[in-house]
2 protein chains.
Amino acid sequence: MKNKISSELLKGSLKPIILKLLKEQGRMYGYEITQQVEELSKGKIVLTYGALYPILHKLENDEIVITEQEIVNNRTRVYYKLTPKGSEKSVEKIREMEAFLQTLGILFKPSPNVGLCNT
Amino acid sequence: MKNKISSELLKGSLKPIILKLLKEQGRMYGYEITQQVEELSKGKIVLTYGALYPILHKLENDEIVITEQEIVNNRTRVYYKLTPKGSEKSVEKIREMEAFLQTLGILFKPSPNVGLCNT
DNA sequence: TTGTAATATATAAGTTAGTTATATATATGA
DNA sequence: TCATATATATAACTAACTTATATATTACAA
């Protein structure tokens, strides 16, 4: 379980992933986000800092998130959390991602006799 | 069922989609590919010609596909099919896409008590 | 004690996969 | 005759990344 997912495929998914995490966890800092993404994806998704911080800055600029700075262990930590507007946007992006996954699922899983069910 | 999937999310998925179709259908021409993608995705994925043809030309240049030209109804049609090398590459790309979908599925579907089963 | 890895953020330069716009040409039906 | 469908092609642009670099503290091992 080590093969990373290629960055071409991941392109466009990073922002939704970040919004989803913020939606679920409420308050996170950048470094924490990269660690969680790596852990949750079992190492298959690695968010580089060169991608992460520009995305976070843009989200702040667009008033999707607000920041709080804290000094922890003498190091600066910037916490991000969704604004009300950002929370709505987040729901939208998550729905869009789910539609994307469902649609690609149809295209890539033509295996018959397999469906979703409650267990 | 009309909302198109955003091009940001789709970025990187178009090539795998094309390879998957060629793998399944054997021989297709460009216009046909766009129609099938639109139909299979219920209108949610629209492959523009500005994206399609450069991808097909690159696949040919990389010897992933070979072409056959035919005149149908006085119009030129360029058929594409996978080379043996392309067929291998295709399997690889399809596996990668499946891993991608599975991983994003984990991140975006934390709903419990729902699993895959045979019907 | 010295150096490496982990923690933490930031940004500039380059790549590339797409979009948008445009071009060409035939067939079909209103 | 005029719009729509069929069919391919490419040039110019955009944006989301990668790669590389920079800075600074903490923790741990040789």
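The values are calculated or read from the model by the stated rules, or taken from the named source; none is laboratory data. Computed from a predicted model, the values in this text were never measured in an experiment. Cβ coordinates were reconstructed from backbone atoms using ideal geometry, including for glycine residues, and neighbour counts include every protein chain displayed.
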Test: A:Gln35 is in contact with a strand residue (DSSP E or B) (Cβ under 8 Å, 6 or more places away or on another chain), within 11 Å of DNA strand C (Cβ to nearest atom) and polar (S, T, N, Q):
no
Take the residues in segment B:40-52 that are within 8 Å of DNA strand D (Cβ to nearest atom) and surrounded by fewer than 14 Cβ atoms within 10 Å (Cβ to Cβ), then tell me which one is nearest to B:Ser6 (Cα to Cα).
B:Thr48
With respect to A:Glu96, is the statement that it is in a helix (DSSP H, G or I), at pLDDT 95 or above, within 8 Å of another protein chain (Cβ to nearest Cβ) and in contact with a Ser or Thr (Cβ under 9 Å, 6 or more places away or on another chain) true?
yes
Just checking, how many residues over segment B:63-79 are over 14 Å from B:Leu22 (Cβ atoms) and either of a type outside the set (D, E, K, R) or surrounded by fewer than 12 Cβ atoms within 10 Å (Cβ to Cβ) (or both)?
8
Out of A:Gly12, A:Gly30, which single residue is within 10 Å of DNA strand C (Cβ to nearest atom) and at the interface with chain B (Cβ under 7 Å from one of its Cβ atoms)?
A:Gly12
Can you run down the residue pairs with Cβ atoms below 6 Å, 6 or more apart or on separate chains, where the first is in segment A:51-62 and within 14 Å of chain B (Cβ to nearest Cβ) and part of a loop (DSSP other than H, G, I, E, B) and the partner is modelled with pLDDT of 95 or more and more than 8 Å from DNA strand D (Cβ to nearest atom)?
none
When you scan segment A:10-31, do you find a residue that is free of Cβ contacts under 8 Å to residues at least 24 places away in the same chain and surrounded by 17 or more Cβ atoms within 10 Å (Cβ to Cβ), even just one?
yes
